[in-house]
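Everything on this sheet refers to the single structure shown next.
Each reported figure results from applying straightforward, stated rules to the coordinates on display, with no laboratory input. Predicted model, so just to flag it, every value in this text is computed and none were measured. Quick reminder, even Gly has a Cβ in these numbers, built from the backbone with ideal geometry, and neighbours come from all protein chains shown.
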Amino acid sequence: MTSNGCEPDVVTYGTLIQGLCKAGRIEVAIRLLRTIQTKGMLLAPQAYNPVIQALFKRKRTKEAMRLFREMEQKGDTPDAISYICCFPRSLFWWWTYCRGC
């Protein structure tokens, strides 16, 4: 793509990251995420969420939470999916509790 003079955008990168995570290639996805950051692109949560989810699935909780906090600090606002990935039990409790209100 870049050899043809087309620079990938955030959506393209997000799709690549999601595919890498589904294929179990988390380390490559993380490297791609870091490459995008060095280019100064503001990432959407859709780029972070697959990596965070994959890290949690592989019991790499500290890394997942570190990436979540990093997302917040860099100004890439987490969305509902980001919070569900990181705090599934808390959100389930809150949703169940508030339904009864």
Margin query: If the reach is capped at under 24 angstrom between alpha carbons, list the lysines near K59, excluding any in the same chain fewer than eight residues apart.
Written below: K22
Next item on the list: Under a cut-off of 17 Å between alpha-carbon atoms, report the aspartates and glutamates in cross-link reach of K74, not counting same-chain residues fewer than 8 places apart.
Entry: E63
Next item on the list: For the stretch 16-21, take each phi angle, set θ = phi - 60°, evaluate the Karplus expression 6.51 cos²θ - 1.76 cosθ + 1.60, and give the result in whole Hz per residue in order, putting x for glycine and proline.
Entry: 4, 4, 4, x, 4, 5
Checklist line | Loop-resident sites, the stretch 1-56, for chymotrypsin sites (Phe, Trp or Tyr not before Pro), counting at most 11 other Cβ within 10 Å (DSSP) | finding: none
Check: Gain in length, R25 to T61, computed as 0.36 nm per residue apart minus the alpha-carbon separation, to one decimal in nm?
Finding: 11.3 nm
Next item on the list: Would you mind getting me the FRET efficiency between T15 and Q37? Use the beta-carbon distance for r and R0 = 22 Å, nearest 0.05.
Entry: 0.80
Next item on the list: For I84 and E72, calculate 0.36 nm times their separation in residues minus their Cα-Cα distance, and state this gained length in nm to one decimal.
Entry: 2.8 nm
Notebook entry, point to check: Among the trypsin sites (Lys or Arg not before Pro) within the stretch 1-57, which fall in a DSSP loop and have no more than 10 other Cβ atoms within 10 Å of their own Cβ?
Noted result: K39
